[in-house]
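Here is the structure we will look at, set down as structure tokens.
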Protein chains: 2
Amino acid sequence: MMKDKTICPRFESALDILNKRWTGLIIFQLLEGAQRFSSIESSIGISGRVLSERLKDLEKYGIVERKVYNETPVRIEYGLTEKGRALEPVLNSIQHWAEGWIDNETLI
Amino acid sequence: MMKDKTICPRFESALDILNKRWTGLIIFQLLEGAQRFSSIESSIGISGRVLSERLKDLEKYGIVERKVYNETPVRIEYGLTEKGRALEPVLNSIQHWAEGWIDNETLI
DNA sequence: AATATTAACTTACTTTATGTAACTAAGTAT
DNA sequence: ATACTTAGTTACATAAAGTAAGTTAATATT
């Protein structure tokens, strides 16, 4: 199936990134501040394999930045860039919608 | 890997729905008005198999409604419910972010 | 009457994405 | 030399998505 046309290329690129599994939750977590790999892993329940993949993608897109601290053992922190923090209103609008429209049945 | 705790159950339910592939684009399309199956299929380039699955899910969540018109051949239209239209600000915030932050390299 | 047409799916099968659990690398500390 | 810790990676299993052909129901055509 070939698609008709592109409505808005930037919008579709954005959805390609944001609409991937786990991306929303990773960004939501990092809005609270930079975190380590294992901390993100355990806070949202993603597998290490996919987290590693997603963080690389998000870094490539300039949404996340990786910082290495030469301590022992090494500490690596993932934080949002300005571009990443600019997603806060998106996450907020989702949260706002969820509060208004997700009822108890949907929750279960 | 088990996750630590749930930050906000409603928010996570919302992400479960919205973070699935194609959901964003389907809702974006339907914001322009109710559309037929084949029209959605060709406008966003999704496969019929998955579109069928997504529309059922979205109907189940109360985001989309399916209307049957007994014409020949039968006409079936999918449109947004009030809950679905309430997602417009979410899509708008994504579009706004995309316009400000998706550059030409990311597009390619 | 038999065949064709159209939209809206569904089915069987292939390819891609994600999950799981064990393993590796680098830098100490014992 | 061996063990410990974090941050991954690898090999393999399962789940989700893509592809293309087939089904159904109501006409229209020959």
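Read-outs: derived from the displayed coordinates by stated rules, not from any lab. In this text, all values refer to a predicted model and were calculated from it rather than measured experimentally. All Cβ positions, glycine included, derive from the backbone under ideal geometry; neighbour counts span all protein chains shown.
So what's the angle, to the nearest 10 degrees on a 0 to 90 scale, between helix B:9-18 and the longest Cα principal axis of chain B? It is inclined by approximately 50 degrees.
Angle, helix A:88-101 long axis vs. longest principal axis of chain A, Cα atoms, 0 to 90°, nearest 10? Once rounded, the angle reads 50 degrees. Sorted shortest first, the distances from the residue A:38 label point to those of the same residue in the other copies are 5.7 nm; each point sits 7 Å from Cα along Cα-to-Cβ. Placing unit charges on each Cβ (+1 for Lys and Arg, -1 for Asp and Glu) gives the protein assembly as shown a dipole about its Cα centre, and among A:107, B:14, A:37 the Cα reaching farthest toward its positive end belongs to A:37.
For an R0 of 30 angstrom, estimate the FRET efficiency from the Cβ-Cβ distance between residue A:6 and residue B:6 and round to the nearest 0.05.
0.20
Please identify every one of the GluC sites (Glu not before Pro) in the stretch B:1-99 that sits in a loop by DSSP and has no more than 10 other beta carbons within 10 Å of its own beta carbon.
B:32, B:71
The angle separating the long axis of helix A:48-60 from the principal Cα axis of greatest extent in chain A is about 80 degrees.
Sorted shortest first, the separations between the residue A:75 label point and its copies elsewhere in the assembly read 6.4 nm; each point sits 7 Å from Cα along the Cα-to-Cβ line. The overall shape of the stretch B:10-107 is prolate: from the C-alpha gyration tensor, with semi-axes ordered a ≥ b ≥ c, the ratio a/c is 1.5 or greater and a/b exceeds b/c. The two copies A and B are related by a rotation, and the chain A beta carbon nearest its axis, with distance in whole angstrom, is A:93, 2.
Note on residue B:85 and residue A:74: their simple-model spin labels are 5.4 nm apart, each label 7 Å out from Cα toward Cβ.
Shortest first, residue B:57 label-point distances to identical copies amount to 1.5 nm, with the label point at 7 Å from Cα along Cα→Cβ. Cross-link partners for residue B:83 among the lysines, with Cα-Cα distance under 23 Å and sequence neighbours closer than 8 places in the same chain left out: A:20, B:20, B:56, B:60, B:67.
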